[in-house]
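What follows is one structure encoded as structure tokens, with my remarks underneath.
The values are calculated or read from the model by the stated rules, or taken from the named source; none is laboratory data. Bear in mind the structure is a predicted one, so any value in this text is a computation, not a measurement. Ideal geometry is used to build each Cβ from the backbone, glycine not excepted, and the neighbour counts take in all protein chains shown. The accessibility values were calculated without ligands, DNA or RNA, using every heavy atom of the protein model including side chains. Shrake-Rupley method; radii C 1.70, N 1.55, O 1.52, S 1.80 Å.
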Amino acid sequence: MTVANPIGVHALVWAGDTSPASVRHAIDRTAAAGYDLLELSLHDSVSLDVDAARAQLADAGLKVACSRGLAFDADVSSSDPAVVERGERLLHDSLAVTHGLGGTHFTGALYSALGKYGAPLGSEGRRNAVSVIRGLAQKAGALGMTLGLEVCNRYETHVINTARDALRLADDIGEDNVLIHLDTYHMNIEEDDLVRPVHEVGDRLGYVHIGENHRGYLGSGHLDFTSFFHALADIGYRGPITFESFSSAVVAPGLSADLAIWRNLWSDGEDLARHARGFIDQHLTASSVRP
Ligand code: MN
């Protein structure tokens, strides 16, 4: 018998902030749309009530994962020690929030700001990122938690743009609980195809974002999801698969601007999320059929 992947949805499908009312709404809608997991971005999470959210998640029977990117003035890939320290503090605070919510996966661009850098990553910046994430991973490991290095495109980071970059970074960090997080939206920009990186990462894949090339409705763009799900089946991936989609209809002031969410790709998050849940299910089922 095979264990099913937890299927998640990003909270920005439902709400642009983490006020108590918005978190309640996101939890209720996520459960009603048939998902197993809610991903909360900690990018703009100032008013998050961790204890209340934890209780509501448990009541709804939902798992939770948290994600974030850093900022140019709080960036562990900087060569400026004060900037690195601010980034390190954000990471440790966010790890504690994830743990407080009952989550075991903390993922995203944990290694840099989310934005376009004007120069390649320098060796000092890389050493700083490796050293900070190693310390974070050791703390996470003691809590039974996993870190994800999300591979992002060149307009959002200069640290890791391909699965191969991410594997090298994880090798240098050298902690077993640092896994690779692939996102089809970013892969479309940087990788050869949607298959080779999955095979290359193999059992070090720890988290997946499913998103279209324009981040709208799954299947409305040109991404080859059939091949991607075949590749996940090839490696026997059993971790979370989270639907990520953004539209100008739901705005988180910091994150939406950092991700350049200028277009209205949908207005009805409910319809979008239900459609995505069915889309992922159909692809998982079809990819496991080996006539
Ligand atoms: Mn993503």
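Structure above, values below:
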quantity	calculated
Residue among ALA233, ALA249 that alone is outside any helix (DSSP H, G or I), of a type in the set (A, V, I, L, M, F, W, C), farther than 30 Å from ALA142 by Cα and away from the ligand (no atom under 16 Å from the Cβ)	ALA249
Residue among VAL130, VAL159, VAL201 that is open to solvent by less than 40 Å² (accessible area, probe 1.4 Å), in a loop (DSSP other than H, G, I, E, B) and closer than 24 Å to VAL76 by Cβ	VAL159
Restricting the range 109-127 to residues that are outside any helix (DSSP H, G or I) and either more than 16 Å from the ligand (Cβ to nearest atom) or out of contact with any helix residue (DSSP H, G or I) (no Cβ under 9 Å at 6 or more places or on another chain) (or both), the residue that is nearest to GLN56 (Cα to Cα)	ALA109
Residue match in the range 266-277 (condition: open to solvent by 10 Å² or more (accessible area, probe 1.4 Å) and within 16 Å of the ligand (Cβ to nearest atom))	no
Scan of the range 163-186 for residues that are touching a His at 6+ places or on another chain (Cβ under 9 Å) and open to solvent by less than 30 Å² (accessible area, probe 1.4 Å), ordered by number	ALA166, HIS181, LEU182, ASP183, THR184, HIS186
Residue, most open to solvent (accessible area, probe 1.4 Å), within the range 4-20, restricted to residues that are assigned to a helix (DSSP H, G or I) and not β-branched (Val, Ile, Thr)	PRO20
Breaking point among (1) surrounded by fewer than 24 Cβ atoms within 10 Å (Cβ to Cβ); (2) free of Cβ contacts under 8 Å to residues at least 40 places away in the same chain; (3) outside any loop (DSSP other than H, G, I, E, B); (4) aliphatic (A, V, I, L, M), for VAL23	(1)
Residue under evaluation ILE189, criteria (1) buried (at least 17 other Cβ atoms within 10 Å of the Cβ); (2) within 14 Å of the ligand (Cβ to nearest atom), criterion not met	(1)
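Condition check ((1) under 17 Å from the mean Cα position of the chain (by Cα); (2) open to solvent by 60 Å² or more (accessible area, probe 1.4 Å); (3) without any contact (Cβ under 8 Å) to a residue 24 or more places away in the chain) across all residues:
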{"position": "GLY34", "(1), (2), (3)": "no, no, no"}
{"position": "LEU38", "(1), (2), (3)": "yes, no, no"}
{"position": "VAL46", "(1), (2), (3)": "no, yes, no"}
{"position": "GLN56", "(1), (2), (3)": "no, no, no"}
{"position": "GLY61", "(1), (2), (3)": "no, yes, no"}
{"position": "VAL83", "(1), (2), (3)": "no, no, yes"}
{"position": "LEU95", "(1), (2), (3)": "yes, no, no"}
{"position": "GLY118", "(1), (2), (3)": "no, yes, yes"}
{"position": "LEU121", "(1), (2), (3)": "no, no, no"}
